[in-house]
Protein chains: 4
Amino acid sequence: MRIDGFTDHACLIVSGPDKEGIVAAVTALLARHGGNIVSLDQHSTDPIGGDFFQRVVFHREGLGESLGELEADLASTLEPLGMTWILRDVSIPKRMAILASIEDHCLLDLLWRHRRGSLPVEIPLVISNHTHTAEDVAAFGVPFVHVPSQKGQDKSESEAQILRHLAEADVDFVVLARYMQILSGDFLQKVGVPVINIHHSFLPAFIGANPYQKAKDRGVKLIGATAHYVTEDLDEGPIIEQDVVRVTHADSTPELRRRGADVERAVLSRAVLWHAQDRVIRSGNHTIVF
Amino acid sequence: MRIDGFTDHACLIVSGPDKEGIVAAVTALLARHGGNIVSLDQHSTDPIGGDFFQRVVFHREGLGESLGELEADLASTLEPLGMTWILRDVSIPKRMAILASIEDHCLLDLLWRHRRGSLPVEIPLVISNHTHTAEDVAAFGVPFVHVPSQKGQDKSESEAQILRHLAEADVDFVVLARYMQILSGDFLQKVGVPVINIHHSFLPAFIGANPYQKAKDRGVKLIGATAHYVTEDLDEGPIIEQDVVRVTHADSTPELRRRGADVERAVLSRAVLWHAQDRVIRSGNHTIVF
Amino acid sequence: MRIDGFTDHACLIVSGPDKEGIVAAVTALLARHGGNIVSLDQHSTDPIGGDFFQRVVFHREGLGESLGELEADLASTLEPLGMTWILRDVSIPKRMAILASIEDHCLLDLLWRHRRGSLPVEIPLVISNHTHTAEDVAAFGVPFVHVPSQKGQDKSESEAQILRHLAEADVDFVVLARYMQILSGDFLQKVGVPVINIHHSFLPAFIGANPYQKAKDRGVKLIGATAHYVTEDLDEGPIIEQDVVRVTHADSTPELRRRGADVERAVLSRAVLWHAQDRVIRSGNHTIVF
Amino acid sequence: MRIDGFTDHACLIVSGPDKEGIVAAVTALLARHGGNIVSLDQHSTDPIGGDFFQRVVFHREGLGESLGELEADLASTLEPLGMTWILRDVSIPKRMAILASIEDHCLLDLLWRHRRGSLPVEIPLVISNHTHTAEDVAAFGVPFVHVPSQKGQDKSESEAQILRHLAEADVDFVVLARYMQILSGDFLQKVGVPVINIHHSFLPAFIGANPYQKAKDRGVKLIGATAHYVTEDLDEGPIIEQDVVRVTHADSTPELRRRGADVERAVLSRAVLWHAQDRVIRSGNHTIVF
C-alpha cells in the first residue's frame, strides 16, 4: 500500500543540541540532493544551549534510488554535530495495531477514519480482551484477535500473546483505544514501538481509574481527554494532545461519560494522525507537535 | 444606588430535600402575592431522595411594601418542608471588596466592567498588599487601602486589619483578584461572607504555587483558570467557573502566564457576575450555576 | 420499544402570550394530577407583552391511565389563555428517518449513537440517493431504501417516492444527513413533520453550495456547521445548533472538508438529540433550546 | 525605545513564486552572514507553481553594522528569483496609532496590554471622534487628539486632519478600535500604512452596521468578531483573526453586545500583536499568519 499524492516525498526529523547554522546545513544538504522543501518546522528550547528540533518534508524525483546517498550524507553531516536524525518515505504508511476493550467509540472512530482515507496508516491488527466488537472490526476488513485479560489476574501470559501478535503483524506503533488494562513495564520494554493511550481526563487531573466519577465528585465545569505516549508511570507519559468540553451541575456521571466519549475519540484521532505523519517528536517527558 | 431596570424585582433561592409539589407550592405562593415570574430555574440531584434547588426571579409592583408578608408566607410554607430560602431585592447591588496584589489584570478588569455597567455591584473598597495599583484604582473612583502582607511573615495583624476594613465597608462578598496570600482558617471564619478566588490553573490540576511553571514542566497542551469559593483547604473549594486556552511546545512559561492572564480575568469576571446575580448556589463542595 | 428509565414520565411544552401567573397555573395543574416535576425550563421574550415558552418534565405514577384527564384539564386551563400545549410520553421514542447521499459521516455517526443508546429514537428507515452505504446501514439492522435523485433532474417522482416511504414508516421527523438535494416547497408542505438539515458552514455565512471552497476563498480562520429546521428558503430556517473549528492558511480545501466533517456530525447529533428530547421549540425563525 | 531581549535580532520576510532550493538559498545566505536562526516558518500554496512565503527570525551579533551588506546580498540573491523581501530589526517597535470612538473596550485593552509589556509597539497617538476617553488615554501617558466626525457629514476635512496627525506621528500602522466611521478610498490610498479593523461579527456573516442586532434577528447560536486589514470594500479585507462565543435564545441584543465586546478585544489584541511581530503576510485577499 502506498499513500496517494506522496510519491517521492520524504520526512526528515533532526534533533540535538542547538547550534548556529544547523538549519542552513540541513537545507543545503537537501538542496544538493535535489530535494524541494514542501514544509519545514523547527523549534529550539533556547537558542543558546538549548535543544533543537526540525521536521522537513521534501520532494525528490526518484526518491527510492537516492535514499542511500542521502542517508550517508546525513550521517556524515549531522552526526559530528551530535544531532540524531530519522528519514522516512512519506508514501509508506506506518503499521498501527489497536488494542481495545468493551467501549467501542475510539476503536470504531479510528477504523472509520482509516476507511475514509483520513488516517495514513495500515491497520493489520485489532486485539481486544472482549469479543463483542469482533463483528464490527471484521466489517472494516481488519483482522481481529481476542486475547482475554482481566483486572486482578496475572497478565504475563496475555501480554506475551499480545507481543507475539504485534511482532507477527510487524507494527510500527500501538494505540490503546480505551484498552483499560495497565500494561506492565516488562511489556513496554519488550514491545519496542511507541504506544499511544487515550486517558479520559484532562491530565494531570484525575489520574487513574474512574476519572468521570472523580470529575463529578470534584464539581469541575469542564471535562477532558488526553492522548499521551505510554511510559511505566501510569498516566504520566508525554502528552500529545488534549481537549475539553463544558459541563454543568445538571450533567450526571453517565452524561459526563457520554460527552467525554466524543472528546476522547476526537483527541485520540488527532494524536494518531499526527504520530502517523511524523509530526510528534518526544523530548524527555514533553512532545513537540509540528 | 439602585440597578437600572430591576425596580420591584426579587430573586428567591429555595433549596432542601426534593419532594413532590415543591415547585407548585413556590409558584402558587408567588402568584398569591401578585408576583409575575420572569425566570425560573430548578435542579434536583435525584427526584427520589435528592436535593432540590430553585432560583426564581419575579416582578411585583410595590415590592418594598409587600416583602414582609411575602417573607412570612415563605417561612410558614417552606420551613415545615425542611426547605431553606433567601429572598433578595434584585435592584439593590451587592457590595464587593477586592483584594489584590502586584498583578493588575484581574483587578482592573473588574473595575473596568463595573464602570461600564456590566457588573451589578458596588465596590466600596480595594485592599492591596502593594501600593503600585493605587493610582489606577483611584482613577476609577474606588477607595484603595494598603495593607502590607508578605509570604513567610505572621499575618494575624494584616488579616485583622483587613477584617476591620471589610466590616467598615459592610461588604457582601470578597474577591481575591490574584491576591496571592493564603488566608488563614481563622480569617475565613471571621469574615462571614463568601470569598471568591481565581486560581491560575485548571483545578484540580496544579494546586498551589507556580501553576504555569508546573504546566510547562508537565507539557500540557491547554492551560486554564478556575474561579472558586475559598475554603480552608487550599484550592479545594467549590468551583464556580473554569476555562482553558490552547498552548504549544513553543510557548515559554512567561508566554503561558501572558495567555493565562486573559483566561483568568475572563473566568473571574463571569464568576463574579453570576455570584452578584445570585446565580450560584453552594451545595457541599459543588456549585449549582443557574 | 420504550426508553429505559422514563416510564411514567411526560414532557409538557406550553407556549403563547406571556401573562402573570402562567407558571403557577401550569405547576398547580400538574400538582393536582399528582405529577412530580423533574425539570422545568421557561423563557419569556419580554415579561410585558412578550411570548412565553415552558418545558416541564414530570413523573406521574400510572401516567398512561391519567393522560386523558390531564389533557382535558390542560385544554380547559390553557386554551382560554391563548396558550398552545403539547404533552408527550417521554418513554415512547420518536421515529426518525434519515436521508443521506454519498458522504457517510453524519449518517454513520447517528446510527452508531443510536446503537450505543445515546439517541432516544427509533430509526425505521434510511433513504439514500446512492447505494454505497447500503451495507453499512444494514449492519446496524436498519432498513435501507434507495431512491435515486440527481441534480438537474425532475425530482417530483423521487420526492413522491420518498413521501410514500416516510408515510409507511410513520416517522415523527426527518434528518437530512448531508443529503445534498434541495427539497421542493411542495415536498416540505406534504411531509408534515419537522425536517432537520446540517449545513456545512457557519450560517448565515456561505449559504448554498460548496461552503468549504467559499470559506477557503474568503480566508476565514474558523469554519463551522449549522443544524437547522428546513424551510422553503434555502439555509434560512431556524437554527438549532452551531459550532466551529479553527483553521489556518495552511489548510487546503480538502483539509477544511475533513475537519469540517467532524464539526458537522457533532453539531447534527446534538441537534437531533435535543429535538428527540423535545428540548427545541420553534418560534418564528428562531429556536428556544432548553 | 528598544524591545527587551531582542537586541541584534532581525526578522526576514520572503515571498514570491515557489521554486526548488529557495529555503536553502535563504538559510545559506543567513549562515554566510553569521545569522543564527531562532525561528523559521514557511508556507507554499502549491509546491508546483504556487506562491512561497517565509518568515525567519535570526540573531546576528552586531546586527546594526551588518545590515547594509546583508541587504545587498538579499537583493542580489532574491530579486533575480522574482522574490520580494523585507528585513526588519526586531528590537525596534513599530509605531501604532489607534482610532477610537465612543466604545472604550478595545482601546483600553490595547493601552493596558501595551503598558503591561505585552504589545511590542510604541503608541504615539490616539485619535477619537469623541472626547470622553481623553482622560483614560492620558492616564496611560499616551497623546490624545480629538477629531470630530459624524455619520452623514462630509468627512474630507476630518480625514485630512487625521492624515496630518498620522504623518506627524510617523506611524507604521493604524488600528481602528471600534472607530465606527467608514474611511474613504481616498483616505486609504493616502494613509500609506496598513490599517487593521475589528468588526463585531464573524465575517462574512453580518457585514455592515448593527451586526449584533442582525445576529439576534437570525437566531445564531454563536457570535463572533473578526480582525482584518481594511480595504476599500467594507468588511471585505484580508482576515487576520476571528473567534466566537456561545450564546442562547435567552441572551438579549444588549447581552450579545456585552459578551461580544470580550471577543472583540481578544481578537483585536491578537491581530495587533501578530502584526507587530511581522507574523502576518498579506497575499491577495488572504493572510498567512505564522
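The values are calculated or read from the model by the stated rules, or taken from the named source; none is laboratory data. Quantities reported herein were computed from a predicted structural model and do not represent experimental measurements. Positions of Cβ are backbone-derived with ideal geometry, glycine not excepted, and every protein chain shown enters the neighbour counts.
Observations on the model:
- Matching option when the condition is more than 19 Å from B:Asp217 (Cα to Cα), among the aliphatic types (A, V, I, L, M), away from chain B (no Cβ under 14 Å) and not in a loop (DSSP other than H, G, I, E, B), among A:Leu188, A:Leu183: A:Leu188
- Of A:Glu69, A:Glu159, A:Glu103, all but one fail to be over 30 Å from A:Thr7 (Cα atoms), assigned to a helix (DSSP H, G or I) and not aliphatic (A, V, I, L, M); the exception is A:Glu159.
- Some residue of region C:44-56 being surrounded by fewer than 19 Cβ atoms within 10 Å (Cβ to Cβ), of a type in the set (Phe, Trp, Tyr) and within 24 Å of C:His286 (Cβ to Cβ): no
- Residue within region D:70-90 that is small (Gly, Ala, Ser), surrounded by 20 or more Cβ atoms within 10 Å (Cβ to Cβ) and in contact (Cβ under 8 Å) with a residue 12 or more places away in the chain present: no
- Residue within region B:243-252 that is under 19 Å from the mean Cα position of the chain (by Cα), crowded, with 17+ Cβ neighbours inside 10 Å and of a type outside the set (A, V, I, L, M) present: yes
- The set of residues in region C:276-285 that are within 14 Å of chain D (Cβ to nearest Cβ) and not β-branched (Val, Ile, Thr) comprises C:Arg279, C:Arg282, C:Ser283, C:Gly284, C:Asn285.
- In this entry, B:Ile198 passes the filter for residues that are assigned by TED's automatic domain parsing to the domain that holds B:Ala225, in a strand (DSSP E or B) and over 18 Å from A:Leu203 (Cα atoms).
- Residue within region C:18-30 that is among the small types (Gly, Ala, Ser) and under 27 Å from C:Ala276 (Cβ atoms) present: no
- Filter result for the condition that a residue is outside the structural domain of A:Asp51 (by TED's automatic domain parsing), within 26 Å of A:Arg265 (Cβ to Cβ), more than 21 Å from the chain's Cα centre (by Cα) and of a type in the set (A, V, I, L, M), over A:Ile98, A:Ile102, A:Ile127, A:Ile182: A:Ile102
- Counting only residues that are part of a strand (DSSP E or B), more than 10 Å from chain D (Cβ to nearest Cβ) and out of contact with any Gly (no Cβ under 6 Å at 6 or more places or on another chain), region A:9-33 holds 6 of them.
- The single condition from (1) of a type outside the set (Val, Ile, Thr); (2) free of Cβ contacts under 8 Å to residues at least 24 places away in the same chain; (3) not assigned by TED's automatic domain parsing to the domain that holds A:Arg259 that A:Arg116 fails is (3).
- Residue match in region A:59-69 (condition: surrounded by fewer than 20 Cβ atoms within 10 Å (Cβ to Cβ), over 28 Å from A:Val121 (Cβ atoms) and away from every other protein chain (no Cβ under 13 Å)): yes
- Restricting region C:129-150 to residues that are away from every other protein chain (no Cβ under 13 Å) and in contact with a Leu (Cβ under 7 Å, 6 or more places away or on another chain), the residue that is nearest to A:Trp112 (Cα to Cα): C:Val142
- Restricting C:Asp233, C:Asp217 to those that are outside any helix (DSSP H, G or I) and either within 11 Å of chain D (Cβ to nearest Cβ) or at pLDDT below 95 (or both) reduces the list to C:Asp233.
Okay, residues lined up against (1) facing chain B (nearest Cβ under 10 Å); (2) under 30 Å from B:Ser44 (Cβ atoms); (3) in a strand (DSSP E or B):
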{"site": "A:Val244", "(1), (2), (3)": "yes, yes, yes"}
{"site": "A:His249", "(1), (2), (3)": "yes, yes, no"}
{"site": "A:Arg259", "(1), (2), (3)": "no, yes, no"}
{"site": "A:Glu264", "(1), (2), (3)": "no, yes, no"}
{"site": "A:Val272", "(1), (2), (3)": "no, no, no"}
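- Summed over region B:122-136, the residues that are part of a loop (DSSP other than H, G, I, E, B) and not β-branched (Val, Ile, Thr) give a count of 3.
- Within region A:206-216, the only residue that satisfies the criterion of being closer than 21 Å to B:Lys216 by Cα and surrounded by fewer than 24 Cβ atoms within 10 Å (Cβ to Cβ) is A:Ile207.
- D:Ala10 being surrounded by fewer than 20 Cβ atoms within 10 Å (Cβ to Cβ) and of a type in the set (A, V, I, L, M): no
- When residues in region B:92-119 are screened for being touching a His at 6+ places or on another chain (Cβ under 9 Å) and either under 20 Å from B:His200 (Cβ atoms) or surrounded by fewer than 22 Cβ atoms within 10 Å (Cβ to Cβ) (or both), 7 of them pass.
- Any chance A:Gln150 is surrounded by 15 or more Cβ atoms within 10 Å (Cβ to Cβ) and either of a type in the set (Phe, Trp, Tyr) or in a loop (DSSP other than H, G, I, E, B) (or both): no
- Test for A:Ile198: is it within 30 Å of A:Glu168 (Cβ to Cβ), in contact (Cβ under 8 Å) with a residue 40 or more places away in the chain and within 12 Å of another protein chain (Cβ to nearest Cβ): no
- Residue in region B:34-42 that is within 12 Å of another protein chain (Cβ to nearest Cβ), surrounded by 18 or more Cβ atoms within 10 Å (Cβ to Cβ), of a type in the set (A, V, I, L, M, F, W, C) and assigned to a helix (DSSP H, G or I) present: no
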